[in-house]
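Novice: Quick one: the structure is below, and I'll ask about it shortly.
The values are calculated or read from the model by the stated rules, or taken from the named source; none is laboratory data. Note that the structure is a prediction, hence the values are computed from the model and not measured. A quick note on method: Cβ atoms are made from the backbone with ideal geometry, for glycine too, and the neighbour counts reach across all protein chains shown. Note: areas computed on protein heavy atoms with side chains; ligands, DNA, RNA excluded. Shrake-Rupley method; radii C 1.70, N 1.55, O 1.52, S 1.80 Å.
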Amino acid sequence: MKIAFAGKGGVGKTTLCAWTADFLARQGRSVWMVDADTALSLGQASGVASRALPEPLVAREDLIRQRIGAGGMIALSPAVDDLPELLGVDVPGPGPGRRRLLVMGTVAGAGGGCACEANALLKSLLAHLVLERDDWVLVDLEAGVEHLGRGTVAHVDGLVVVSEASHRGLETAARIAAMGADLGLGNQVLALNRDPGGPLPPLPGLPPRVLRLPPLPGLAARQLNDSCVLGLPEAGTVDALVAGLLETLEQGRGGAGD
Ligand SMILES: Nc1ncnc2c1ncn2[C@@H]1O[C@H](COP(=O)(O)OP(=O)(O)OP(=O)(O)O)[C@@H](O)[C@H]1O
Ligand SMILES: [Mg+2]
């Protein structure tokens, strides 16, 4: 199954994505973690030291030029089949499943005036991973609706819209959900993070299936000194939440396997 995590800035997208990858790998699944954010944080959230993180794809001008072509002509179907293996790094962690990290970066972060080319390559690589690989693919999107707007995640099986429990945050979540639905991505879950409990405001467009994540004091205490979000004192709670999320997404796509 391929899942994208979207939402406003700072709501917990990367955290939930890292938890899900960790859970799946411990279940023996092979997982691609795709960091499509500027902050390069999915690796760090998964325990990779910053110095061990690869350069993001959008900064690889050599590769972009080689695959997309220079001089104004953009290759519409660049060769990308080998790129996951070329660019992906293995992430250590418990469990029989293999975890690999692909750092894409965002188009806004592309250097050397090659944003169009970087965008084309990024899109092709994501489409390849999502459409042609049997592994699990988890895409941690940049804040906002940019990626959805460009249609980058149009082919994933599930969209997790992460939100803080505030009216403004939920308005953004509803907008992201609506854009996802427009792209044909109807299998959505709203992940309400740091949920204080209580009913949600009746905002049109919010995904009807809601996963509520409590504030985790163990995570808050940890983050002061460490970016890794795995191996928390609340690990049991986290696993139960992720299992619930995956079950909901599986049901939403009609019970098909991965
Ligand atoms: N339920 C929670 N309890 C306590 N802390 C949390 C919880 N969820 C997330 N956090 C913390 O909140 C911060 C922001 O989370 P995270 O980086 O996952 O958000 P994000 O949506 O990916 O942000 P960005 O838009 O910057 O990529 C992190 O320090 C994370 O550890
Ligand atoms: Mg993030």
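Novice: Just to check, using Stokes-Einstein with a Kirkwood Rh over alpha carbon pairs, what's the diffusion coefficient of segment 173-234 at 20 °C and 1.002 mPa s in µm²/s?
Specialist: 156
Novice: So what is Rg over Rh here for the chain, counting just Cα atoms and using Kirkwood for Rh?
Specialist: Reported Rg/Rh, Kirkwood definition of Rh: 0.95.
Novice: I would also like to ask the following. Show me the ranking of peptides 171-180, 242-251 by mean Cβ neighbours inside 10 Å, starting with the highest.
Specialist: 171-180, 242-251
Novice: With an 8 Å cut-off on Cα pairs and a minimum separation of 6 or more residues, tell me the relative contact order of segment 2-252 in percent.
Specialist: Once normalised by length, the contact order is 27 percent.
Novice: May I pose another question? Please list, in order along segment 224-230, the HN-Hα scalar couplings obtained from phi with the Karplus expression 6.51 cos²θ - 1.76 cosθ + 1.60 (θ = phi - 60°), rounded to whole Hz, x for Gly and Pro.
Specialist: Values per residue, Gly and Pro as x: 4, 10, 8, 7, 5, 9, 9 Hz.
Novice: Rounded to the nearest 500 deg cm²/dmol, what is the calculated helix-only ellipticity per residue at 222 nm for the chain, with -39500 (n - 2.57) per DSSP H run of length n ≥ 4?
Specialist: Calculated from helices alone, the mean residue ellipticity at 222 nm is -11000 deg cm²/dmol.
Novice: A follow-up question, please. Expressed as a whole percentage, what fraction of the accessible surface of segment 2-252 belongs to carbon and sulfur atoms when a 1.4 Å probe is rolled over the protein heavy atoms?
Specialist: 53
Novice: Another question about this same structure. If amide H atoms are built 1.01 Å from N in the plane of the peptide, which residues on other chains or at least 5 residues away come under 5 Å of the amide H of Ser30?
Specialist: Here the answer is Arg98, Trp136, since their amide H atoms fall under 5 Å of that of Ser30.
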